[in-house]
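Asks: Structure incoming, see below.
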Amino acid sequence: MSQRYRITREFQEHLLEKAISLEECKAYFESKPDFMYSPVFTVTGNGTTMTIDGDFFMWSYGELKIPFRHYMGDVYVAVSNEAVIPKMIEVASELRADLTEG
């Protein structure tokens, strides 16, 4: 099972606005050639398909597409592959945010 992480500014006491806005995420991820925005995320497995509406920034890692989801002022990502860890740290750093489990 994957472990989920949250990229957040919740712990930064010096900031008045702690939310990472969707507009900020779109501007950030648009500047990254290995990310693409999607308003849905579709998972297929065992003969079933589930589609989730939301704001997803899909990271292309080889043949894999790994979702970074903007939700309520934070960005969430599940660590389904070890390669996600350095990418998640890079994103958090460039967004001036912290990482926490959740």
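Just so it is clear, none of the values below were taken in a lab; they were calculated from the coordinates. Keep in mind it's a predicted model, so treat the numbers as computed, not measured. Positions of Cβ are backbone-derived with ideal geometry, glycine not excepted, and every protein chain shown enters the neighbour counts.
Asks: Which lysines does residue 32 reach when only Cα atoms under 18 Å apart count, and residues fewer than 8 places away in its own chain are ignored?
Replies: Within reach: 65, 87.
Asks: Considering the values (i) 116; (ii) 149; (iii) 104, which represents volume of the Cα convex hull per residue in Å³ as calculated for the structure under consideration?
Replies: (iii)
Asks: Please compute the contact order of the chain in relative form: average sequence separation of alpha-carbon pairs under 8 Å and at least six residues apart, divided by the residue count, as a percent.
Replies: Details: 162 pairs, mean separation 38.2, N = 102.
Averaging sequence separation for qualifying contacts and normalising by length gives 37 percent for the chain.
Asks: How do 10-23, 83-96 rank on mean C-beta neighbours within 10 Å, highest first? Write out the running numbers ahead of the final one.
Replies: Working: 10-23: 10.8, 83-96: 15.2.
Ranking, from highest mean packing down: 83-96, 10-23.
Asks: Please list 3J(HN,Hα) in residue order for segment 20-26, calculated via the Karplus relation 6.51 cos²θ - 1.76 cosθ + 1.60 where θ = phi - 60°; whole Hz, with x for glycine and proline.
Replies: 8, 6, 4, 4, 5, 5, 4
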